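The values are calculated or read from the model by the stated rules, or taken from the named source; none is laboratory data. Everything numeric here is computed off the predicted structure, so don't read it as measured data. Positions of Cβ are generated from backbone atoms using ideal geometry, with glycine treated the same way; all protein chains shown enter the neighbour counts. We work out accessible area using only protein heavy atoms, side chains counted, and drop any ligands, DNA or RNA first. Shrake-Rupley method; radii C 1.70, N 1.55, O 1.52, S 1.80 Å.
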Amino acid sequence: MQVVYNRCAGLDVHKKTVVACVITPKSSSGWHKEIRTFTTMTQDLLKLSDWLTSHNCTHVAMESTGEYWRPVFNILEGNFEVMLVNARHIKAVPGRKTDIKDSQWIAELLQHGLLRASFIPPVEQRDLRDLTRHRSNFIRERVNLVNRVQKVLEAANIKLASVASDVMGVSGRAMLAAIVEGSASPELMADLAKGTMRKKHDLLILALEGRVRPHQRFILAQLLCQIDSIDETIKCFDQQIEEYCCPFEQAVELLDTIPGIARRTAEIIVSEIGIDMSRFPSAQHLAAWAGVAPGNYESGGKTLSTSTRKGNRSLRTILVQAAHALAHTKTYLAAQFRRISGRRGKKRAAVAVAHSILMIAYHLISHQEPYKDLGADYFDKQRPESVKKRLIKRLEKLGYQVSVEPVPVAI
């Protein structure tokens with residue numbers, strides 16, 4: 001096979017050790033392999049870098065094993081062309097598996113150019129990505145705490161969640177504080193309602209009539225303290241992310257023009273895909289990388305499966321959430337959601353709309369243009385006769401006789 005890289009190395013990375021195999025050409029003919037084992041401590045990783053440099057190594061490849069590849073990548077990034085590859089793409093022949101053989105196999109595949117590097121963003125984007133992902137983790141923890149609050153309320157016969165759409169809103173927090181104190185009657189707690197909640201005063205009195213025990217007040221107090229602490233943490237993350245978003249501000253503002261995409265969602269999308277769309281051959285490649293493109297599995301002329309692959313879970317999650325959020329708007333994407341959900345269900349419709357959002361994001365960042373919505377009636381205008389026949393047929397099924405006449409257009 002053709003040799004692409006004359007001096008390269010393969011790394012088998014583990015939690016505590018790194019097994020490295022360097023392939024270099026011999027003076028006469030053939031190839032020389034040298035293998036060494038290093039620990040993953042920073043001092044030893046620097047020795048690994050020096051050892052690779054002494055062999056004039058130009059390219060290094062390693063598997064993307066959890067988070068263990070990050071310390072190695074941080075040390076080698078500036079000195080070598082480091083390739084992070086999917087473990088599924090380099091699976092060796094079963095049997096005789098050892099760390100040494102794995103490093104040799106990776107080095108041989110790299111030598112012949114048979115490895116495809118995974119997308120690793122630049123340092124600035126990686127920093128922003130870490131911040132947005134940790135903020136998302138804290139948001140999920142807050143949701144879990146709010147669910148625990150509702151669980152305690154249900155156990156205490158308090159049906160506040162059945163009346164208030166947001167238990168943690170201004171009115172809900174005031175009522176929860178009164179419940180923790182334990183001195184207010186249901187009537188007094190209902191008087192704490194603000195805004196439109198005042199219209200539900202009588203229902204609130206019924207919902208706040210419960211049997212709250214002392215230990216449940218203690219649990220509620222602790223949960224509310226945890227929620228307040230996480231709210232403060234999320235606020236600090238928002239401030240820090242806003243600072244790190246300065247190089248990406250234009251892309252964030254462009255994505256914010258898409259219906260259903262708030263600034264926080266735009267920050268996550270930009271932190272995951274970056275602003276250099278040349279890294280992806282096309283918008284379809286980006287969608288496949290994110291895990292929102294249909295699968296491609298065919299054999300014997302039959303399509304066996306079209307399920308999406310895992311892809312980038314953080315990006316896929318936020319795109320699907322955005323698709324559900326914009327389903328209630330009067331936009332082109334909402335019309336697409338309703339059009340697909342009627343035939344395929346809401347879950348498939350959400351993935352399809354998430355795919356469209358990512359495709360739109362790709363082109364907005366590439367062309368540096370804001371989003372222009374096609375309108376909620378876009379699909380109706382494409383085939384007006386089909387829409388007319390479908391609506392007439394539905395009315396006839398209900399027992400109506402329908403006659404349709406076109407409205408004259410004013411000149």
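Tabulated values for the structure
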item: GNM result for the chain, Cα springs below 10 Å: residue of 33, 310, 393 fluctuating most strongly; result: 393
item: Filter on 302/330; 346/393; 16/91; 15/47 - keep pairs with C-alpha separation over 27 Å; result: 302/330
item: Solvent-accessible heavy-atom area per residue, rounded to whole Å², over segment 101-178 at 1.4 Å; result: 47 Å²
item: Dipole magnitude of segment 232-356 about its Cα centre (Cβ charges: Lys, Arg +1; Asp, Glu -1), debye to nearest 20; result: 1140 debye
item: Lysines with Cα under 19 Å of residue 199, excluding same-chain neighbours fewer than 8 positions away; result: 159
item: Cα lying deepest toward the dipole's positive end in segment 23-88, options 41, 30, 52, charges on Cβ; result: 30
item: Cα-Cα separations in segment 243-359 greater than 21 Å, expressed as whole percent; result: 41 percent
item: Residues of segment 1-96: accessible area per residue with a 1.4 Å probe, Å²; result: 59 Å²
item: Sum of -39500 (n - 2.57) over DSSP H runs of 4+, divided by residues of the chain (222 nm, nearest 500); result: -16500 deg cm²/dmol
item: Semi-axis lengths (Å, descending) of the ellipsoid that matches the C-alpha gyration tensor of segment 306-411; result: 34, 20, 10
item: Magnitude of the charge dipole, the chain, Cβ model with Lys/Arg +1 and Asp/Glu -1, debye to 20; result: 2040 debye
item: Those aspartates and glutamates that a straight Cα-Cα span of less than 20 Å connects to residue 97, excepting residues fewer than 8 apart in one chain; result: 12, 34, 63, 108
item: Using distinct alpha-carbon pairs, which all enter the 1/r mean, Kirkwood radius of segment 1-89 in Å; result: 13.3 Å
item: Accessible surface, segment 253-411, averaged per residue in Å² (probe 1.4 Å); result: 65 Å²
item: Whole-percent carbon and sulfur share, accessible surface of the chain, 1.4 Å; result: 52 percent
item: Eligible lysines near residue 397 by straight Cα distance, threshold 17 Å, same-chain separation 8 or greater; result: 388, 389
item: Acute angle (nearest 10 degrees) that the helix 313-325 long axis makes with the longest principal axis of the chain, alpha-carbon atoms; result: 20 degrees
item: Long-range amide H partners of residue 291 with built H, under 5 Å; result: 312
